Amino acid sequence: MSESKDFLRVIVEKDLKNGKYNKVVTRFPPEPNGFPHIGHAKSICINFGIAKDYNGICNLRMDDTNPTTEDTKYVEALKDAVEWLGFEWGSNTVYYTSDYFQKIYEYAVQLIKKGCAYVDSINEEQMREYRGTVTQAGIRSEFASRTIEENLDLFERMKNGEFKDGEHVLRAKIDMSAANMKMRDPLLYRIRHSHHFRTGDKWCIYPMYDYAHCLSDYIEGITHSICTLEFENNRDIYDWVLDTLELPKPRPYQHEFARLGINYTVMSKRKLLELVNGNYVSGWDDPRMPTIAGYKRRGYTKESILNFCDQIGIAKANSMVDVSQLEFCIRDDLNTKAPRVMAVLDPLKVTIENYEGSEEIEASYYPHDVPKEGSRKIPFSKTVYIKREDFSENPVKGYNRLTKDQAVRLRHAYIITCKEVIKDRDGNIVEIIAEYNPNSKSGSDTSGIKVKSAIQWVDAKTAKKIEVRLYDRLYKNEAPEGLEDLNPNSLTIIKDALIEPAVITDKVDVRFQFEREGYFYADPVDYTDENPVFNKIVGLKDSWAKKSQVEDKPKVEDKPKVEEKKEPKKQEVKKEPVQGEITPMSESEKALFDRYTNELKLNNEVANILARDEFLSSFYETSLKELNSPITIANMVANDVAKELKDKDSSKLKFTATQIAELVTMIDDETISSKIAKTVFEEMAQSGTNPKQIVEEKGLIQISDPNIILPIIDDVIAKNPDSVEKYKGGNQKLFGFFVGQVLKATDGKANPTVVNQLVLEKLK
């Protein structure tokens, strides 16, 4: 971890200086009910890092108090994560809360004897009702008047298994009017007749987290109990238990830090389990999962994870981290580690008719700016394979690779020119007949021929067939909620990719940079010598990044990657340049771009798309004449309309520019929401029906009447008292949850602006 003095380290140093503790003892206490994710990595780094910095120890403890969800496989996954990140736990012993069940039970008996705990027999509904609200004190259960003897008897009988699940609970007797609703007689024990993966059927009562956690910390001699902000309100219970039991000092104290939030990422164990159980992913270690096992299998290095955790730091307030920061960390790490090799994901055969025999070409694994040595011999012969997109029969302006009239260098090898294009009966290009210049060999070129680029290739005789798995972000939305936000293109499998043989035979490293493709890793589960499988770790650049500016020669959207092609297609003229090339704007395009950004205030990315496409710009201008709403119309044209044009000719569009203007009008006057507009647009695209007609026929008009919305809000609040407590306690992120629940209850028809205002008033 970083040597900077974050607020937690300031606390630790102060406690040591004042003699509060002689030695720092921290702990990492996960519940073994799922695989650890990237958020756990941050907690691991903090707890183990602080212990290491101050010559202390950090315990690894499994908070195994819920037998219905916990399992040994999760314990092993947690241990593996800590070890893989390079940390060692105290005394090399894994601790379990279940180790202390007897002691924790005895402490509960002490609380009963002190008159500070009682057995309650009301049901869950009554318990919620009696709790009160943030503005109204709760009502203590009638069973709180039981005598100490009655409570001791009932509690022992609970332990002995005489009662059913939910029949009784043990509660602390604190204050039913406490401002912190967590302190309104919280639960200490519940009955749960379920087999425990460690204790078997020995226990049928299990301590609640808030009660067991502080006592486990105390038993282990923890000094600094470091947890995330959602447990801030739980700190009062933590202190109450230890103080009420009058346990001798030194005792632990709880300190909170901001939990890790990453866009395009879900870290809820419940939602991750849903992905696994629903077979939306291959398992907890699926390379798309935000689990440490997933990152490990994908090919992330521990150094990149540790660096990421160090970069984001330790804060007191929750915030969202851009996933591109994590991706930067792995790129930065692999840039100086990964050898560069050539792979062809979508092969096109090239026969060099004037070449005879074969040879081996010596080539370095690393570029000049990487201070590492290492090379391999690349076989070369008459027939090679290149990337299909590296040849164009009808090149666009700025295309710098192989054409009928333009030579290109085979990287590390010779310059070739195209002599003939061979096609099948359907018109698909199947082979290029080429000619090479024998005086053009890389490193000893005396040909005098100037070429604009060098392309990747593999030798046809010796190349190895591999399976390539191209992973992208699992979710398509920046703030995903559920399965509806899954990215359908998060995995593309290429079965017939080719790679130079040294990658398979020499195995100089387990991670490689496939030049111009990204960083790849031999899958540790499915890779075999008979079927080599490589996972894409990360691309060479962030393809999801928002363009912050457009320069004089702006980059346009990359050409669709070869992996998206199912079968070879006829070579077509494309408006967009090939991947990696930059095409300058024409004067007219530049004029449009300047007008869109300066006059109409469009963002650079949208303006760039519209200005470069004649049809889209004309469509946009027509809509704009109908309605003066330049930004909303532009976004719809650049995104929704452009998407429709991806797989069809413009003449086949079933809607008009005027209809788009009508649709935006309904958005602007709040007849419909932006979300509903998506549904309307989809129907327009399929049927060509007028948007007003669609809205009326399907009953999609937006609800803005507070008299309709308020009862729905009241119902949502009533059903989620715990979330209300957390929000009132400072977890402001939950505001979005309440708004989302209201919108869900109205099928997205409620006016989001009105909902936001009303929810805010209700939660004051």
Which count do you get for residues in the stretch 271-298 that are acidic (D, E) and in a helix (DSSP H, G or I)?
1
Hits in the stretch 325-337 (condition: surrounded by fewer than 18 Cβ atoms within 10 Å (Cβ to Cβ) and either among the polar types (S, T, N, Q) or touching a helix residue (DSSP H, G or I) at 6+ places or on another chain (Cβ under 7 Å) (or both)):
Q325, N335, T336
Read through the list (1) surrounded by 14 or more Cβ atoms within 10 Å (Cβ to Cβ); (2) more than 17 Å from the chain's Cα centre (by Cα), then give the number of the only condition that K316 fails.
(1)
For the stretch 713-734, which residues satisfy the criterion of being among the hydrophobic types (A, V, I, L, M, F, W, C), buried (at least 19 other Cβ atoms within 10 Å of the Cβ) and within 24 Å of A178 (Cα to Cα)?
V716, I717, V724, L734
Do the conditions hold for S704, that is, is it over 22 Å from K625 (Cα atoms) and in contact with an Asp or Glu (Cβ under 7 Å, 6 or more places away or on another chain)?
yes
Looking only at the stretch 288-302, how many residues end up being under 15 Å from V510 (Cα atoms) and not basic (K, R)?
4
Answer yes or no: is there a residue in the stretch 735-750 that is at positive phi and crowded, with 16+ Cβ neighbours inside 10 Å.
yes
Looking only at the stretch 171-213, which residues are in a strand (DSSP E or B) and crowded, with 17+ Cβ neighbours inside 10 Å?
R171, A172, L188, Y189, R190, I191, H196, I205, Y206, P207
Can you tell me which of N55, N22, N33, N66 is part of a loop (DSSP other than H, G, I, E, B) and either of a type in the set (A, V, I, L, M, F, W, C) or without any contact (Cβ under 8 Å) to a residue 24 or more places away in the chain (or both)?
N22
I'd like to verify a number: residues in the stretch 366-397 that are without any contact (Cβ under 8 Å) to a residue 24 or more places away in the chain and under 19 Å from V451 (Cβ atoms), how many?
1
Which listed residue is more than 23 Å from Y300 (Cα to Cα) and in contact with a His (Cβ under 9 Å, 6 or more places away or on another chain), from D63, D53
D63
Pick out the one residue from I378, I386, I455, I361 that is among the β-branched types (V, I, T), within 28 Å of Y519 (Cα to Cα) and in contact with a helix residue (DSSP H, G or I) (Cβ under 6 Å, 6 or more places away or on another chain).
I455
Residue pairs within 6 Å by beta carbon, gap of at least six or interchain, first lying in the stretch 415-427 and exposed (fewer than 14 other Cβ atoms within 10 Å of the Cβ), second of a type outside the set (A, V, I, L, M, F, W, C), listed first then second, are I422/E431; G427/K570
So, S650, is that one in the same structural domain as E605 (by TED's automatic domain parsing), surrounded by fewer than 17 Cβ atoms within 10 Å (Cβ to Cβ) and in contact with a Phe, Trp or Tyr (Cβ under 8 Å, 6 or more places away or on another chain) or not?
yes
Which number in (1) at pLDDT below 85; (2) over 30 Å from S618 (Cα atoms); (3) in contact with a helix residue (DSSP H, G or I) (Cβ under 6 Å, 6 or more places away or on another chain) marks the one condition that D747 misses?
(3)
All but one of (1) part of a helix (DSSP H, G or I); (2) in contact (Cβ under 8 Å) with a residue 60 or more places away in the chain hold for A685; which doesn't?
(2)
W89 is checked against (1) closer than 20 Å to C204 by Cβ; (2) of a type in the set (F, W, Y); (3) under 40 Å from the mean Cα position of the chain (by Cα) and fails just one. What number does that condition carry?
(1)
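The values are calculated or read from the model by the stated rules, or taken from the named source; none is laboratory data. Every value quoted in this text rests on a predicted model; they were computed, and no experiment measured them. Virtual Cβ from ideal backbone geometry, glycine too; neighbours counted across all protein chains shown.
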